[in-house]
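Structure record follows, encoded as structure tokens.
What follows is calculated from the coordinates using simple rules that are stated; it is not laboratory data. Note that the coordinates shown come from a computational prediction; the quantities given were computed from them, not determined experimentally. Glycine also receives a Cβ, built like all others from the backbone with ideal geometry; neighbour counts cover every protein chain displayed.
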Amino acid sequence: MVIPKVVDYWSHVISGLHRISVVVPKPISEQILSSMLNHVLEPELRAHKLDFLQQQWVRIEVPDLDLMFSVTVVNGASRARLRASMQPQPASVTMRGNCASLLLMVSGQVDPDTLFFRRKLLIKGDTELGLEVKNLLDTIELEGRLPAPIYRATQQTAALILAKPELR
């Protein structure tokens with residue numbers, strides 16, 4: 001099975017992801033990240049659940065990937081959209097977690113509160129805004145929003161990370 005191999009070589013996976021993030025030009029990374037976020041969070045955008053991010057940036061830091069990006073909501077011609085930036089932005093709140101912890105969170109295997117209280121998800125800056133983001137993330141179910149093979153791989157990898165505490 002492919003997934004256990006991924007977990008067995010987690011440090012190599014992280015290293016490969018880091019190399020990709022360094023090689024891909026920032027404008028392309030921004031476009032890909034913005035498109036993915038807008039696709040996955042389309043229901044929340046349509047329901048105006050992300051309007052609280054207008055005029056505010058949330059910085060996401062993934063230290064083991066040496067990755068930092070910021071996200072905000074901008075009003076488009078027809079509707080609000082998420083905009084990602086790889087350039088430093090004046091963030092109102094910063095959320096920081098390693099790749100394994102963030103994968104556990106987005107897969108729904110571990111809730112954001114558990115990661116926060118275990119100090120695996122750090123929130124600094126505007127705490128109220130950070131809690132709004134954290135609470136929103138806790139309500140999102142990715143099944144049906146991600147392509148089925150990616151969703152299954154995410155779930156399987158998260159389950160295996162849970163089984164191997166040294167990876168967390």
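List of remarks:
- Ranking TYR151, VAL110, PRO27 by how far each Cα lies toward the positive end of the dipole of the chain (charges on Cβ) leaves PRO27 at the top.
- Radius 10 Å from Cβ of LEU122, net charge of other residues (Lys, Arg +1; Asp, Glu -1): +3
- Beta bridges per DSSP with both ends in the chain, % antiparallel, nearest 5: 75
- Relative contact order for the chain, counting Cα pairs under 8 Å that sit 6 or more residues apart, in percent: 21
- Label sites at ALA153 and VAL24, each approximated as a point 7 angstrom past Cα along Cα to Cβ, lie 1.2 nm apart.
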